[in-house]
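Below you'll find the structure, written out as C-alpha cells, and then a few comments.
The values are calculated or read from the model by the stated rules, or taken from the named source; none is laboratory data. All values derive from a computational prediction rather than experimental measurement. Virtual Cβ from ideal backbone geometry, glycine too; neighbours counted across all protein chains shown.
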Amino acid sequence: MTEQSRHHSPEEEHDVHENQTRQRAPRPFKWYLLLIPVLLIVGIIILFFGLRSILAPTPALTSGTWRGLGTYNQGKSTFNMALTVTTVQGDSFSGTLEETTYKSTVAIKGSITQSDNSTVVQFTDFKSVSGGSITLNCIYRATLANGQMIDGLWYYPGDKSPSGTFQLKS
C-alpha cells in the first residue's frame, strides 16, 4: 500500500466522520407519539364531564312563589302556605315562607339534592320576618315533580316523626 492509499482526502475524511457521527447519534425522540395518548386521555375526560353535564337533570327549583296547603298530623285544620324562593345558587336556595292563616312570614334557607330519578328540596325556617306565630327551626322536605312540591313533610324542631304534610305548586 502506498502512503496515499492509507490517507483519505479531506472530503473523504469528512464523509467518514459524518457517517460515524450518524451511526453514533441517538435517534431523535418522536414527540408526536406522546400526543396521541395525551389527546386520547383529554378526550375521555372531556367526554365524561361533558356528558355528565348534558345528562344531569336541569334544576327544577327556580326563583318564584310556590303556593299550597299544609296539614297537621294531630288533626288541626289546614293552613295556607306560600314559599317564595328569591335566590337559587347551585344546590342551595333562600327566600321566605308565609303562612297566611297565621299572618306570619319567616326567612328560609335550604338545599336541593338531585339523584338519578328525583329532586328533593329541604329547607328550614330560621328567622321570623313578621307575625311571629310560626315555630322557628322546623324542617320541611319535599320531592319536586312537574312543577310541584309533592309528598312534603314538615317536622317541629327535634321531632323524628313528621308533624304534618304539605304540597305546593309553582
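When the residues of the stretch 92-131 are narrowed to those that are in a loop (DSSP other than H, G, I, E, B) and surrounded by 13 or more Cβ atoms within 10 Å (Cβ to Cβ), which ends up farthest from the chain's Cα centre (by Cα)? Explain how you work it out, then say what you get.
Restricting attention to the stretch 92-131, the residues satisfying the condition of being in a loop (DSSP other than H, G, I, E, B) are 103, 115-118, 131.
Now drop any that are not surrounded by 13 or more Cβ atoms within 10 Å (Cβ to Cβ), which leaves 118, 131.
Numbers: S118: 15, G131: 36 Å.
That would be G131.
Residue-level check: of (1) closer than 17 Å to V121 by Cβ; (2) modelled with pLDDT of 80 or more, Y72 misses just (1). So the check is Cβ under 9 Å with 6+ separation or different chains; which pairs have a first residue in the stretch 118-139 that's in the same structural domain as S92 (by TED's automatic domain parsing) and a second one that's part of a loop (DSSP other than H, G, I, E, B) and acidic (D, E)? Listed by first residue and then by second, the contacts come to C138/D159; I139/D159.
Counting only residues that are assigned to a strand (DSSP E or B) and of a type in the set (V, I, T), the stretch 132-170 holds 4 of them.
Does G43 satisfy the criteria of being out of contact with any helix residue (DSSP H, G or I) (no Cβ under 6 Å at 6 or more places or on another chain) and either assigned to a strand (DSSP E or B) or modelled with pLDDT of 85 or more (or both)?
The answer is no for G43.
Mind checking which residues of the stretch 81-99 are of a type in the set (S, T, Y), closer than 21 Å to L153 by Cβ and free of Cβ contacts under 8 Å to residues at least 24 places away in the same chain?
T84, S92, S94
Residues in the stretch 132-164 that are among the polar types (S, T, N, Q), over 16 Å from I108 (Cα atoms) and surrounded by fewer than 17 Cβ atoms within 10 Å (Cβ to Cβ): T143, N146, S161.
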